[in-house]
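Novice: The structure that follows is given in the form of structure tokens.
The values are calculated or read from the model by the stated rules, or taken from the named source; none is laboratory data. Keep in mind that this is a model prediction, so the values were computed, not measured. Cβ sites come from the backbone with ideal geometry, for glycine too, and all protein chains shown count toward neighbours.
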Amino acid sequence: ATASLLAACGGGQSASNTAPAASTPASASSATGAAPATDGDKVLKVAMNANFPPFESMNPNGQIEGFDVDVMNAIAKEEGFKVSYHQQAWDGIFASLKAGDNDILISGITITDERKQQMLFSEPYYKITQVILVPQGKSIKSVEDLKKMDKVGVTLGTTGDLAAQKILGATSEKIIRLENLPLMLKEVETGAVDAVISDSAVVADYVKKKGDKGFTMVEVPDFTVEYYGIAVRQDDKALMDKINAGLKEIQANGEYDKISDKYFAK
Ligand code: ARG
């Protein structure tokens, strides 16, 4: 079933929108071999899987919007480079960076040791934990309760997938994997799965938007904290330096907090 569900999800959807031109490019940092991605007036391609509000989602006009877009725009503006945004299936997002189809990934991506072997990550820009989403009335107190369920849903290849494997076993047939979270949320709505494991800030946003329509987010102590980072290719150190400098600056000058308030107002 998983394969056909994957095919049905529209992973190949393509869309892009160019950010409002960020000021003039920073004077090319000289001698020490600036990485290709930072050359001149080039518009850097930023890829994300826009199925993950409030971090990234596709608005009705086919433009990608969200916290990650605003953060990336603010960094690019600060550092004087130009960016455009591109939809990318989650499954394959890391390969697309490596292949040079895009230059930067910002997509609610958790920094993990394994991923750090494949690409460069920025300093952390957001903190989450994995949480469990269940229909109201189901009680979950610890991951032990998950083991009693028949079907636990995750997005394929996410840290939620890893968390599920850790609890239920890597080969457990209880783990149901789909290509993106909105598809998985439908499954919990219809009762096709008993619970979904995903990132706290995204699940919280979903529960909030649903109002009192019957879902609960359960935080369990067993899941550890995760940090989101922005990724570039291993050899794009010069670009990563700029991203980190920009991130630091927007955190210091209040811009980051402004963006946070816009998406995560209490
Ligand atoms: N934080 C999780 C991970 O890195 C999930 C990220 C999913 N992001 C997305 N835009 N769909 O594995």
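Novice: So Thr112 fits all but one of (1) modelled with pLDDT of 60 or more; (2) buried (at least 18 other Cβ atoms within 10 Å of the Cβ); (3) out of contact with any strand residue (DSSP E or B) (no Cβ under 7 Å at 6 or more places or on another chain); what number is the exception?
Specialist: (2) is the only condition that Thr112 fails.
Novice: So which of Ser139, Ser198 ends up being away from the ligand (no atom under 12 Å from the Cβ) and among the hydroxyl-bearing types (Ser, Thr, Tyr)?
Specialist: Ser139
Novice: Return the residue satisfying two criteria in turn: it lies in segment 93-124 and is polar (S, T, N, Q) and more than 11 Å from Val46 (Cβ to Cβ), and of such residues it is nearest to the chain's Cα centre (by Cα).
Specialist: Restricting to residues being polar (S, T, N, Q) and more than 11 Å from Val46 (Cβ to Cβ), the top hit is Thr110.
Novice: Among the β-branched types (Val, Ile, Thr) and within 23 Å of Tyr256 (Cα to Cα) - does that describe any residue in segment 82-92?
Specialist: Within segment 82-92 (the criterion being among the β-branched types (Val, Ile, Thr) and within 23 Å of Tyr256 (Cα to Cα)), the answer is yes, since at least one residue qualifies.
Novice: Next question. When the residues of segment 95-128 are filtered to those that are within 14 Å of the ligand (Cβ to nearest atom) and part of a strand (DSSP E or B), which remaining residue is farthest from Asp235 (Cα to Cα)?
Specialist: Result: Ile128.
Novice: Same structure again: Consider only pairs whose beta carbons are under 9 Å apart and that are at least six residues apart or on different chains; among these, list those whose first residue lies in segment 46-67 and is surrounded by fewer than 24 Cβ atoms within 10 Å (Cβ to Cβ) and among the charged types (D, E, K, R) and whose second residue is in a strand (DSSP E or B) and modelled with pLDDT under 95.
Specialist: What qualifies is Glu65/Asn17.
Novice: Restricting segment 177-194 to residues that are within 16 Å of the ligand (Cβ to nearest atom) and not in a helix (DSSP H, G or I), which is surrounded by the fewest Cβ atoms within 10 Å (Cβ to Cβ)?
Specialist: Result: Arg177.
Novice: Are any of the residues in segment 148-160 away from the ligand (no atom under 16 Å from the Cβ), among the aliphatic types (A, V, I, L, M), over 24 Å from Asp91 (Cα atoms) and surrounded by fewer than 19 Cβ atoms within 10 Å (Cβ to Cβ)?
Specialist: Yes, segment 148-160 contains a residue that is away from the ligand (no atom under 16 Å from the Cβ), among the aliphatic types (A, V, I, L, M), over 24 Å from Asp91 (Cα atoms) and surrounded by fewer than 19 Cβ atoms within 10 Å (Cβ to Cβ).
Novice: Is it true that some residue in segment 73-87 is charged (D, E, K, R), outside any loop (DSSP other than H, G, I, E, B), within 10 Å of the ligand (Cβ to nearest atom) and in contact (Cβ under 8 Å) with a residue 40 or more places away in the chain?
Specialist: Within segment 73-87, none of the residues are charged (D, E, K, R), outside any loop (DSSP other than H, G, I, E, B), within 10 Å of the ligand (Cβ to nearest atom) and in contact (Cβ under 8 Å) with a residue 40 or more places away in the chain.
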